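Student: Just dropping this structure here.
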Amino acid sequence: MGYALNKRDLIILLLTVASVLLVVLLETYSYYSPTQNPPSNETQLDETSNNNNVTSTTGETNGPVLVKQNRPNISQYMCGFSPDGDNNFIREFSLPSSCSQPVGLAVDRTNKIWVAATLTGHLAIFDPTLKSFTDLIKIPNWKSEDLFGSMVWAMEFDTTGYLWFADQNNNAIWKYSPYERKFEMYKIPTPGSYPSSIVIDSQGRIWFSEIFGKKIGLIDPALTEHNTSKGISEYPVQGIEFETLGPISISKNKDALWLTAVKYPEGGSILKFDFQEKRFTVFNLSKGSAVPIGIVEDNSGKLWINDHATNLFFSFDTVTKKIVKYSTSLPTSRNNTTTLPYWNLISNDNLWFNEHEGNAIAYFNIKNSTLVEFKIPTGSEEWGNTSNPLKFTVDNFGSVWFTEWTENKLGLLDNNKLKNLPLVLNVSENTVALSRATLDEKSIKVYVIPNQVELNDRVKMTAAGSMSPSGRLWNMTGEFNIKEFQLPILKDSKKLAPYPLDFKIKPTKDLLPGNYTLTIGARYADVTYSKIINVIVT
């Protein structure tokens with residue numbers, strides 16, 4: 001049966017699957033109340049599995065492989081039975097346990113990938129060298145009480161090799177020792193806090209954020225005791241109005257935490273927590289900041305934040321309070337949606353982030369203002385052609401790994417393939433001035449530059465901008481003289497030459513004065529390469 005969602009439930013839905021969840025779950029099949037019994041949760045074990053590389057353990061003893069979950073009422077939407085996908089950049093690997101709902105993941109010192117199966121309660125270990133899962137470890141006392149299991153948003157290894165991860169339903173932080181194959185659980189003092197993000201500071205202390213607890217927590221590993229709250233301190237955020245806390249990240253000087261506080265349906269603040277003073281500094285965001293989630297600081301001290309309600313991400317200068325918004329390219333998953341940039345991190349001057357509904361993994365080069373987006377092979381029609389790529393990480397060699405929550409897969413964007421982009425793009429202007437008084441049209445020269453001699457697919461041009469939350473060019477027109485074309489197929493790389501186009505933009509009188517950015521891109525097969533320029537409207 002259906003039921004009316006209260007405010008807390010709506011926030012959970014936004015945090016896990018964004019707006020698509022409301023459309024799919026509430027309109028296409030009955031939704032189960034947390035106070036009601038969910039569909040059958042029985043586990044079937046099959047000891048005849050042909051995956052001989054995988055063992056299942058509780059951390060201390062071996063056991064059979066968990067290969068099938070009997071969840072007939074949710075399998076169509078949550079279990080991901082499609083075959084592994086593979087395109088020019090991304091390769092997918094199904095988890096050994098079906099319908100496991102993978103979310104959090106981490107990389108150990110040997111470059112193995114650890115994945116949290118949040119519905120079945122396992123840690124799955126993937127060996128990139130063997131290209132297969134090699135271990136499946138059962139987490140004790142796992143609570144999968146509803147449709148989503150227990151969300152594990154964060155997993156981090158400390159310098160001694162212990163794995164730390166958050167557990168929503170147990171309201172706890174876990175520590176796992178790969179050496180002893182032993183788990184310890186530390187209970188968060190605040191009931192129903194919903195722990196999410198985890199970071200580890202230079203002293204080896206564990207910091208975490210509480211989505212509903214509205215606090216950040218600190219664990220001193222030397223003071224902890226299994227199944228208790230010993231060694232945990234909490235610091236409440238006070239003096240501002242907000243609904244939930246977002247992820248945390250450590251400042252570039254290693255002396256503070258950055259995090260977001262979110263209002264609904266839009267708005268929020270940026271918070272800085274000083275380790276020494278144990279005090280919060282609040283930076284209020286201007287109207288139109290929507291739902292700020294992922295946050296990270298670059299080497300210059302500028303913050304980068306993802307808006308998980310729109311097509312936009314933005315930078316924030318904590319000194320001048322200046323915000324600069326940027327748009328991803330328009331989504332390929334479906335037309336009537338936004339890409340929903342989610343979590344982020346910086347690696348080698350690239351701002352990496354996952355596009356939740358755009359179904360892509362992307363990086364923005366901060367120095368040269370280029371955006372590259374890689375399409376994920378799998379996309380479920382039930383979810384609007386997305387795989388729900390909820391979390392990602394970068395391994396020791398620069399490859400990007402991500403989880404596909406509703407497709408039961410681990411994805412790989414290989415670092416070696418990142419160096420072989422089929423094309424790049426450049427523009428004649430880095431800044432364009434538009435006048436509402438004259439409504440003059442401006443023309444920008446665009447050059448699509450092939451990197452390979454045989455590009456058989458057609459190139460599609462795309463444009464988006466920060467003047468609207470959807471990235472669409474509201475209150476202005478923008479048109480390429482050629483929207484789609486075939487690059488010349490050559491045999492000699494010395495003959496590769498730029499393909500020139502014109503992009504004409506014109507404001508309307510309704511375009512408000514201000515500073516905007518414009519994302520001009522070329523889409524070829526599974527990748528979109530864009531250049532972002534400034535637009536000044538007077």
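The values are calculated or read from the model by the stated rules, or taken from the named source; none is laboratory data. Since the model is a prediction, treat every value here as computed from it, not as a measurement. Counting neighbours? That spans all protein chains shown, and the Cβs are built from the backbone with ideal geometry, glycine included.
Student: Could you please find all residues in the range 381-436 being among the aromatic types (F, W, Y) and assigned to a loop (DSSP other than H, G, I, E, B)?
Tutor: F397, W405
Quick grid of which residues meet (1) crowded, with 23+ Cβ neighbours inside 10 Å; (2) touching a Lys or Arg at 6+ places or on another chain (Cβ under 6 Å); (3) acidic (D, E):
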| site | (1), (2), (3) |
| --- | --- |
| S177 | no, no, no |
| P191 | no, no, no |
| P195 | yes, no, no |
| D201 | no, no, yes |
| S209 | yes, no, no |
| V237 | no, yes, no |
| F242 | no, yes, no |
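Student: Here's something else I'd like to know. Taking interchain pairs and intrachain pairs at least six residues apart, which have beta carbon atoms under 8 angstrom, with the first residue in the range 434-458 and free of Cβ contacts under 8 Å to residues at least 12 places away in the same chain and among the aliphatic types (A, V, I, L, M) and the second in a loop (DSSP other than H, G, I, E, B) and surrounded by 14 or more Cβ atoms within 10 Å (Cβ to Cβ)?
Tutor: none
Student: Now, a different point. Restricting the range 142-173 to residues that are among the aromatic types (F, W, Y) and either buried (at least 22 other Cβ atoms within 10 Å of the Cβ) or within 22 Å of the chain's Cα centre (by Cα) (or both), which is farthest from H122 (Cα to Cα)?
Tutor: Step one: filter the range 142-173 for residues among the aromatic types (F, W, Y), giving 142, 148, 153, 157, 162, 164-165.
Remaining after also requiring either buried (at least 22 other Cβ atoms within 10 Å of the Cβ) or within 22 Å of the chain's Cα centre (by Cα) (or both): 148, 153, 157, 164-165.
On the way: F148: 14, W153: 14, F157: 17, W164: 14, F165: 12 Å.
That would be F157.
Student: Under 7 Å by Cβ, and 6 or more places apart or on different chains, what pairs join a residue from the range 81-103 that is buried (at least 17 other Cβ atoms within 10 Å of the Cβ) with one that is part of a strand (DSSP E or B) and among the polar types (S, T, N, Q)?
Tutor: S98/Q69; C99/Q69; P102/T403; V103/T403
Student: For residues that are buried (at least 19 other Cβ atoms within 10 Å of the Cβ) and either assigned to a loop (DSSP other than H, G, I, E, B) or in contact with a Leu (Cβ under 6 Å, 6 or more places away or on another chain) (or both), tally how many sit in the range 358-373.
Tutor: The total comes to 4.
Student: Same structure, new question: List pairs: first residue in the range 335-348 and without any contact (Cβ under 8 Å) to a residue 60 or more places away in the chain, second residue among the acidic types (D, E) and surrounded by fewer than 23 Cβ atoms within 10 Å (Cβ to Cβ) anywhere in the structure, Cβ distance under 6 angstrom, at least six positions apart or on different chains.
Tutor: I346/D298
Student: Being among the polar types (S, T, N, Q) and more than 18 Å from the chain's Cα centre (by Cα) is the filter; apply it to the range 303-347 and report the residue that is farthest from G267 (Cα to Cα). Lay out the reasoning, then the answer.
Tutor: So in the range 303-347, the residues among the polar types (S, T, N, Q) come out as 306, 310-311, 315, 318, 320, 327-329, 332-333, 335-339, 344, 347.
Okay, now just the ones that are also more than 18 Å from the chain's Cα centre (by Cα), so 318, 320, 335-336.
Details: T318: 17, T320: 19, N335: 25, N336: 23 Å.
Checking each candidate, the answer is N335.
Student: Looking only at residues that are in contact with a strand residue (DSSP E or B) (Cβ under 6 Å, 6 or more places away or on another chain) and modelled with pLDDT under 95 in the range 79-95, which one is farthest from I137 (Cα to Cα)?
Tutor: Going through the range 79-95, the residues in contact with a strand residue (DSSP E or B) (Cβ under 6 Å, 6 or more places away or on another chain) turn out to be 84-85, 89-95.
The next check asks that each one be modelled with pLDDT under 95; those that pass are 84-85.
Working: D84: 22, G85: 25 Å.
Step by step, filter the range 79-95, then rank; the result is G85.
To keep it simple, each residue is scored yes or no on (1) assigned to a strand (DSSP E or B); (2) among the aliphatic types (A, V, I, L, M); (3) over 17 Å from I376 (Cβ atoms).
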residue	(1), (2), (3)
D84	no, no, no
S98	no, no, yes
V103	yes, yes, no
A106	yes, yes, yes
V115	yes, yes, no
T120	no, no, yes
A124	yes, yes, yes
W142	no, no, yes
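Student: Related question: Please determine whether any residue of the range 444-456 is under 29 Å from the mean Cα position of the chain (by Cα), surrounded by 14 or more Cβ atoms within 10 Å (Cβ to Cβ) and under 21 Å from N534 (Cα atoms).
Tutor: Yes, there is a match, as at least one residue in the range 444-456 is under 29 Å from the mean Cα position of the chain (by Cα), surrounded by 14 or more Cβ atoms within 10 Å (Cβ to Cβ) and under 21 Å from N534 (Cα atoms).
Student: Between a residue in the range 384-401 that is buried (at least 23 other Cβ atoms within 10 Å of the Cβ) and any residue that is of a type in the set (S, T, N, Q) and part of a loop (DSSP other than H, G, I, E, B), which pairs come within a Cβ distance under 8 Å, given they are 6 or more apart or on different chains?
Tutor: Once the first residue is buried (at least 23 other Cβ atoms within 10 Å of the Cβ) and sits in the range 384-401, its partners that are of a type in the set (S, T, N, Q) and part of a loop (DSSP other than H, G, I, E, B) give T386/S333; T386/N359; S387/N359; S387/T378; S387/T406; N388/T406; P389/N359.
Student: When the residues of the range 194-226 are narrowed to those that are in contact (Cβ under 8 Å) with a residue 24 or more places away in the chain and of a type in the set (S, T, N, Q), which ends up nearest to F275 (Cα to Cα)?
Tutor: S202
Student: Only one residue in S333, S315 is in a loop (DSSP other than H, G, I, E, B) and either modelled with pLDDT under 95 or in contact with a Lys or Arg (Cβ under 6 Å, 6 or more places away or on another chain) (or both). Which one? Write out each step before concluding.
Tutor: On the way: S315 fails: in a loop (DSSP other than H, G, I, E, B).
On inspection, the qualifying residue turns out to be S333.
Student: Among the residues of the range 266-310, which ones are of a type in the set (G, A, S) and either in a strand (DSSP E or B) or touching a Cys at 6+ places or on another chain (Cβ under 6 Å) (or both)?
Tutor: G268, S269, G294, listed by residue number.
Student: Same structure again: Could you list, ordered by first residue, the pairs with Cβ atoms under 7 Å in which the first is in the range 482-506 and closer than 20 Å to I532 by Cβ and the second is among the small types (G, A, S), at least 6 apart or interchain?
Tutor: Sorted first by the residue in the range 482-506, then by its partner, the pairs are D502/S443; F503/A463; F503/G478; K504/S443; I505/G478.
Student: Conditions: (1) closer than 23 Å to L410 by Cα; (2) of a type in the set (D, E, K, R); (3) at pLDDT below 95. D349 meets all but one. Number of the miss?
Tutor: Just one mismatch for D349, condition (1).
Student: While we're here: Tell me, which residue of the range 137-173 that is closer than 23 Å to S98 by Cα and acidic (D, E) is modelled with the lowest pLDDT?
Tutor: Looking only at the range 137-173, we keep the residues that are closer than 23 Å to S98 by Cα, and these are 137-155, 165-170.
From what is left, the residues that are acidic (D, E) are 145-146, 167.
Working: E145: 65, D146: 61, D167: 98.
Among those that are closer than 23 Å to S98 by Cα and acidic (D, E), it is D146.
Student: Something else about it: Taking N169 as meeting all but one of (1) out of contact with any Phe, Trp or Tyr (no Cβ under 7 Å at 6 or more places or on another chain); (2) touching a residue at least 40 places away in the same chain (Cβ under 8 Å), write down the number of the exception.
Tutor: (2)
Student: Quick one: which of D502, D510 is surrounded by fewer than 12 Cβ atoms within 10 Å (Cβ to Cβ) and either in contact with a helix residue (DSSP H, G or I) (Cβ under 8 Å, 6 or more places away or on another chain) or of a type in the set (D, E) (or both)? Can you show your working first?
Tutor: On the way: D502 fails: surrounded by fewer than 12 Cβ atoms within 10 Å (Cβ to Cβ).
Step by step, each of D502, D510 is checked, and only D510 is surrounded by fewer than 12 Cβ atoms within 10 Å (Cβ to Cβ) and either in contact with a helix residue (DSSP H, G or I) (Cβ under 8 Å, 6 or more places away or on another chain) or of a type in the set (D, E) (or both).
Student: To continue, here is another question. Could you please find all residues in the range 176-196 being part of a strand (DSSP E or B), within 26 Å of the chain's Cα centre (by Cα) and under 26 Å from I293 (Cβ atoms)?
Tutor: P195, S196, listed by residue number.
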